[in-house]
Amino acid sequence: MLNINLNVEVGSIPYIIGQIFGIVAIILGFVSYQLKTQKQVLFCQAVVGAVFLIHYALIGAVSGMAMNIISLIRNIIYAVRGGRAETKFSKAIPFIFTVLMGIMGILSWSEWYSIFVFLGLVINSYCMSFKDPQNIRKSILVTSPLVLIYDIFALSIGGAVYESVAIVSSVIGIIRMKKR
């Protein structure tokens with residue numbers, strides 16, 4: 001275990017600033033699920049991950065913070081991979097990130113409810129490798145409810161609203177981008 005203790009009091013200045021970062025992430029997240037290409041969705045999700053990393057650090061949610069480090073790196077790599085550079089190794093990248101997310105989840109385990117962010121982001125690591133943005137949107141309907149539970153217990157207002165908005169935004173994106 002990493003044994004990181006951020007000791008942030010609810011209502012403190014860092015906590016309030018952290019919740020503001022959560023609001024910024026909500027807006028960016030909604031935009032990301034409306035984008036048309038996998039690359040656009042993933043780059044925007046990388047920015048969302050960076051903002052959430054700061055958010056979780058400021059509110060003292062260690063597991064969420066640590067796992068967003070891997071999410072940020074993963075989303076950038078998924079966004080830039082492909083094309084002629086696609087190799088057998090790059091096909092292993094989803095597995096590698098899923099394992100890294102699992103290791104980070106175990107190392108950053110801080111509370112009993114860390115299991116929810118752990119499961120949500122481990123599953124999400126695999127699902128974000130999908131080339132079809134529709135499949136990414138559909139995977140959010142599985143992973144976001146798990147992270148939502150973590151956010152509720154971690155008192156992450158921005159995170160809880162974000163996951164709720166992500167679910168709604170994904171449904172809108174699925175319907176809007178549905179091939180007719």
* Structure fact -> Within the range 152-175, the residues that are on the phi < 0 side of the Ramachandran plot, in contact (Cβ under 8 Å) with a residue 40 or more places away in the chain and open to solvent by 80 Å² or more (accessible area, probe 1.4 Å) are Phe153, Ile157
* **Enumeration of residues in the range 21-43 that are open to solvent by less than 20 Å² (accessible area, probe 1.4 Å) and either in contact with a His (Cβ under 6 Å, 6 or more places away or on another chain) or modelled with pLDDT of 85 or more (or both)** => Gly22, Ala25
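Considering only residues that are at negative phi and open to solvent by less than 70 Å² (accessible area, probe 1.4 Å), which ones fall in the range 5-20?
To start, the set of residues in the range 5-20 that are at negative phi comprises 5-6, 8-10, 12-20.
Matches in the range 5-20: Leu6, Val8, Ser12, Pro14, Tyr15, Gly18, Gln19.
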* Structure fact -> Conditions (1) modelled with pLDDT under 90; (2) touching a Ser or Thr at 6+ places or on another chain (Cβ under 9 Å); (3) surrounded by fewer than 18 Cβ atoms within 10 Å (Cβ to Cβ) -> Gly105 fails only (3)
* Hits in the range 29-45 (condition: aromatic (Phe, Trp, Tyr) and not in a helix (DSSP H, G or I)) -> Tyr33
* Asked: Among the numbered criteria (1) of a type in the set (D, E, K, R); (2) open to solvent by 70 Å² or more (accessible area, probe 1.4 Å); (3) in a helix (DSSP H, G or I), which single criterion is violated by Lys178?
  -> (3)
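The values are calculated or read from the model by the stated rules, or taken from the named source; none is laboratory data. These numbers were taken from a predicted model, which means no experiment stands behind them. All Cβ positions, even for glycine, are placed from backbone atoms using ideal geometry, and neighbour counts span all protein chains on display. Ligands, DNA and RNA are stripped out before the accessible areas are found, and what is left, the full protein with its side chains, is counted by its heavy atoms. Shrake-Rupley method; radii C 1.70, N 1.55, O 1.52, S 1.80 Å.
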